[in-house]
Amino acid sequence: MKVDGGIFWGLLLVVIGILVILKYSLHLNISIFRIVIAIILIYLGISLIIGQWRIRNETNIIFSEGTIRPETLEKAYNVVFGRGYIDLTGIAPSEFDKSIKIATVFANTTLRIDPNMPIEIDIDCAFGSTITPDGTSISFGDRIYKTPSATNSQSYLKIKADTVFGVLEIIQ
């Protein structure tokens, strides 16, 4: 079931009209403003629950759940108020000289990397948890994680991973 915005706003205007008639013809002491605000908040809550505001594309997962498997890298990937799975194992070697950002905000993200790929992950975590493949868990602060092949390689994929009020798990 999808709540249509046009229907909602039309019904809201009808309710406001009825409230105005009731207030002034029957001399009822009702706060039209408070009732309208309450109705709008209820509408927004129902819209979020039934998923009308979900955003999911090649780089963003917002109020949703999804998987991102890029072949060519974009500059940023975001998971906000949702659950995301980002699989970087299919990246071509020509992409190794790039720098990307992965943001996890009020969300749960699983980042899958290939241990044979040269990758350096600059982790920054606040009020959350980032778990690296070597078992280290970061809740506050920053750390740099490198795959074994990143130390011997001149070109590598640089990932800036920010976690705020969420969980980022990096797996191989």
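Every number in this text was worked out from the coordinates using simple rules, so none of it is lab data. Note that this is a predicted model, so its numbers are computed, not measured. Here Cβ is always computed from backbone atoms with ideal geometry, including for glycine, and neighbour counts include all displayed protein chains.
Structure above, values below:
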quantity	calculated
Backbone HN-Hα couplings from phi across segment 65-80 [Karplus 6.51/-1.76/1.60, Hz, Gly and Pro as x]	10, x, 10, 10, 10, x, 9, 10, 7, 9, 6, 8, 10, 10, 10, 10
Count of lysine pairs in the chain with Cα separation under 30 Å (8 or more residues apart, or interchain)	13
Mean separation of Cα contacts under 8 Å (6+ apart) over length of the chain, as relative contact order %	18 percent
Fraction of antiparallel bridges per DSSP, the chain only, in percent to nearest 5	20 percent
In degrees, nearest ten, helix 5-25 long axis to first principal axis of the chain (Cα)	30 degrees
Integer Hz, Karplus 6.51/-1.76/1.60 couplings in order for segment 137-152, x for Gly and Pro	10, 10, 10, 9, x, 9, 7, 10, 10, 10, 6, x, 6, 6, 6, 9
Nonlocal amide H pairs with N78, under 5 Å, H built at 1.01 Å	N60, I61, A103
Integer Hz, Karplus 6.51/-1.76/1.60 couplings in order for segment 125-133, x for Gly and Pro	10, 9, 6, x, 8, 10, 10, 8, x
5 angstrom amide H check on L168, placed H, neighbours 5+ away	T109, S129, T130, I131
Exposure proxy ranking, count of Cβ atoms within 10 Å, fewest first, for F63, F140	F140, F63
Fewest-first ranking of L157, L73, using other Cβ atoms within 10 Å as the exposure measure	L73, L157
5 angstrom amide H check on E65, placed H, neighbours 5+ away	R83
Computed [θ] at 222 nm, deg cm²/dmol, the chain (DSSP H ≥ 4; -39,500 (n - 2.57); rounded to nearest 500)	-8000 deg cm²/dmol
